[in-house]
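Q: Dumping the structure here so I can ask a few things about it.
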Ligand SMILES: Nc1ncnc2c1ncn2[C@@H]1O[C@H](COP(=O)(O)OP(=O)(O)OP(=O)(O)O)[C@@H](O)[C@H]1O
Ligand SMILES: [Mg+2]
């Protein structure tokens, strides 16, 4: 493991951050780390600066601490209400270059990434996951509450158990991609629907079945009248997003 000596000064950890072992794609990208003496965690760091760029247009989420609290609640809810645990703690602190950042410290899950899981064995779990995601989007559309964006790809889920857990602990599906991507408002739900639909279709192809229940939930959502309060331009954008989503699912 390449150690990053001399660059740990300001971080909230006593342990040294070292290169991650879970994703070759991330090696050297200054985003995913592990702790030198605790192999049970994956540490993700996102600078305030990057987060501000991401949230440029939704000003109320701009405050870093508030954003971390909102994300923490959204991750908790994903497990408590929607049944897919997100084993993460969020810590606000300095990154190795002394920039303000949010750390997402996630349990390392050992098992099989759903992206690489054998279809015959994992079809039902994948179907249940996409039905849950459809329900998640429909609920957030109705409530306007903050929701996790970018949780619709199979590669973000690992089936297994936390590093070091005993064999008696049941294996389950965990969300391991703990990027701080949370938005709120019905308009944003419309915005993510085409991408969700694309993923759904791709996963259906991978598994060779149609996820009818997930489709029904989305279809019902697309038929709902657009809530009050959008401008003419907003309604036109929503109509285009609905049409795009329908086209993807056709
Ligand atoms: N806590 C974890 N336990 C096990 N594996 C993990 C964990 N975190 C990340 N991984 C692995 O690393 C891969 C990349 O991580 P992740 O998808 O979170 O990265 P990302 O930067 O958010 O990528 P993307 O751009 O795809 O969103 C995951 O697909 C998973 O295989
Ligand atoms: Mg991600």
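Bear in mind these aren't lab numbers, they're just calculated from the coordinates by the rules spelled out. Predicted model only: the values in this text are computed from it and were never measured. For neighbour counting, all protein chains shown are included, and Cβ atoms are generated from backbone atoms with ideal geometry for every residue, glycine included.
Q: Among 149, 201, which comes first, second and so on when ranked by fewest other beta-carbon atoms within 10 Å?
A: Taking fewest neighbouring Cβ atoms as first place, the list is 201, 149.
Q: Next question, about the same structure. Counting other beta carbons within 10 Å of each Cβ, put 190, 207, 25 in order, fewest first. Intermediate results must be reported in sequence, preceding the final value.
A: Numbers: 190 24, 207 19, 25 10.
Going from sparsest to densest Cβ surroundings: 25, 207, 190.
Q: So how tilted is helix 119-143 from the main axis of the chain? Cα-based, degrees 0 to 90, rounded to 10.
A: Helix 119-143 and the main axis of the chain meet at about 70 degrees.
Q: Averaging over every viewing direction, what projected area does the convex hull of the Cα atoms of the chain cover, in nm²? It would help to have the intermediate numbers written out before the result.
A: Values: hull surface 57.1 nm².
That works out to 14.3 nm², a quarter of the Cα hull's surface.
Q: Quick check: the angle from helix 64-80's long axis to the longest principal axis of the chain, C-alpha only, nearest 10 degrees?
A: The two axes meet at around 70 degrees.
Q: At 222 nm, what helix-only mean residue ellipticity would the chain give, in deg cm²/dmol to the nearest 500, using -39500 (n - 2.57) for each DSSP H run of four or more?
A: -13500 deg cm²/dmol
Q: Given contacts defined as C-alpha pairs under 8 Å and at least six residues apart, what's the relative contact order of the chain, whole-number percent?
A: 18 percent
Q: Okay, next question. Under a plain spin-label model, where a point goes 7 Å from the Cα along Cα-to-Cβ, how far apart in nm are residue 150 and residue 125?
A: Going by the 7 Å Cα→Cβ label model, 2.4 nm.
Q: Which of the three applies to segment 37-168, rounded, prolate or oblate, going by the alpha-carbon gyration tensor with a ≥ b ≥ c and a/c under 1.5 meaning rounded?
A: Cα axes put segment 37-168 in the oblate bin.
Q: Write down, largest first, the equivalent ellipsoid semi-axes of segment 132-183 in whole Å, where each equals the square root of 5 times an eigenvalue of the alpha-carbon gyration tensor.
A: Semi-axes from the Cα gyration tensor: 27, 12, 9 Å.
Q: What is the gain in length, in nm to one decimal, between residue 198 and residue 231 on full extension, counting 0.36 nm per residue of separation less the C-alpha to C-alpha distance?
A: Length gained between residue 198 and residue 231: 9.2 nm.
Q: How many percent of the alpha carbon pairs in segment 3-108 exceed a separation of 19 Å?
A: Of the Cα pairs, 47 percent sit more than 19 Å apart.
Q: Where does segment 155-210 land on Rg/Rh, using Cα atoms and the Kirkwood Rh?
A: 1.10
Q: Would you mind telling me which residue in 229, 28, 187 has the biggest mean-square fluctuation in a Gaussian network model of the chain, where springs connect alpha carbons within a distance under 10 angstrom?
A: Residue with maximal mean-square fluctuation among 229, 28, 187: 229.
Q: Between 135, 44, 220, where does the largest GNM mean-square fluctuation fall for the chain, given springs only between Cα atoms within less than 10 Å?
A: 220
Q: Now for a separate question. So which residue, out of 87, 12, 162, gets the largest mean-square fluctuation from a GNM of the chain using Cα contacts under 10 Å as springs?
A: 12
Q: For a Förster distance of 45 Å, can you work out the FRET efficiency between the beta-carbons of residue 65 and residue 209, rounded to the nearest 0.05?
A: Here the calculated transfer efficiency is 0.55.
Q: In whole angstrom, and with the biggest value first, how far do the Cα coordinates of segment 110-249 range along each principal axis?
A: Principal-axis extents of segment 110-249 (Cα, largest first): 56, 31, 18 Å.
Q: Round to the nearest 10 and give me the degree value, 0 to 90, for the angle of helix 186-207's Cα axis relative to the longest principal axis of the chain.
A: 80 degrees
Q: Continuing with the same structure: Please report the projected area of segment 34-94's Cα convex hull averaged over all directions, in nm².
A: Over every viewing direction, the Cα hull of segment 34-94 projects on average to 5.2 nm².
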